Amino acid sequence: MKIRQDFVTNSSSTSFIISMKDDLNKERFLKDIGVEEPSPMSRIFEELYEAVEENKQDIIKYMKESRTTYSTVAEFLQEEHYDEETIKIVERLLAEGRKVYYGELRSAGYSAAEVYFCSESFLICEDNLYFNGKIGGW
């Protein structure tokens, strides 16, 4: 029998889509997600923002740079297993001239927040913030 003694990992990821009415920055993100004052929970959302910032890419640019060529945002999002409602929302946000970002949170991430939100489904659909992490790779 062989016993492996070094580090073994089975990492996974969760895709996310994020769009803010104004430019995406930490102060606005925290306010729009509901963190308005420093608290014991503030740090987890700051780390979430940092993970998003590190892993996000403009969705149009991401589509162009991906290995497979997609002709529409809808085609790309269907391939990524997003539902029709999400696709319509993303198309509307883009039509409104908003920046829409796509990325992944990883279970092997650098912060506890990234690891936690990678394993959870979440959806924030407000006027100022759309943040969809409903699709997981688990």
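The values are calculated or read from the model by the stated rules, or taken from the named source; none is laboratory data. Bear in mind the structure is a predicted one, so any value in this text is a computation, not a measurement. No Cβ is skipped: glycine too gets one built from the backbone with ideal geometry, and neighbour counts run over all protein chains shown.
Assorted remarks:
- Screening segment 94-106 for residues that are closer than 27 Å to residue 42 by Cβ and of a type outside the set (A, V, I, L, M, F, W, C) and picking the one that is surrounded by the fewest Cβ atoms within 10 Å (Cβ to Cβ) gives 98.
- Residues located in segment 107-131, provided they are of a type in the set (D, E, K, R) and within 15 Å of residue 44 (Cα to Cα): 114, 120
- Residue, surrounded by the fewest Cβ atoms within 10 Å (Cβ to Cβ), within segment 112-138, restricted to residues that are within 15 Å of the chain's Cα centre (by Cα) and among the polar types (S, T, N, Q): 121
- From 62, 49, residue being out of contact with any helix residue (DSSP H, G or I) (no Cβ under 7 Å at 6 or more places or on another chain), closer than 19 Å to residue 13 by Cα and of a type outside the set (S, T, N, Q): 62
- Failed criterion for residue 48 (all others in (1) surrounded by 15 or more Cβ atoms within 10 Å (Cβ to Cβ); (2) over 24 Å from residue 22 (Cα atoms) hold): (2)
- Scanning segment 84-135 for residues that are among the hydroxyl-bearing types (Ser, Thr, Tyr), more than 17 Å from residue 25 (Cα to Cα) and out of contact with any Asp or Glu (no Cβ under 6 Å at 6 or more places or on another chain) gives 86, 107, 110, 116, 119, 121.
- When each of 91, 75, 37 is tested for being more than 19 Å from residue 13 (Cα to Cα), more than 15 Å from the chain's Cα centre (by Cα), surrounded by fewer than 16 Cβ atoms within 10 Å (Cβ to Cβ) and modelled with pLDDT of 95 or more, the lone residue that passes is 91.
- Residue count for segment 10-23, restricted to those that are at pLDDT below 90 and either crowded, with 19+ Cβ neighbours inside 10 Å or closer than 22 Å to residue 121 by Cβ (or both): 5.
- Failed criterion for residue 57 (all others in (1) surrounded by fewer than 16 Cβ atoms within 10 Å (Cβ to Cβ); (2) touching a residue at least 60 places away in the same chain (Cβ under 8 Å) hold): (2)
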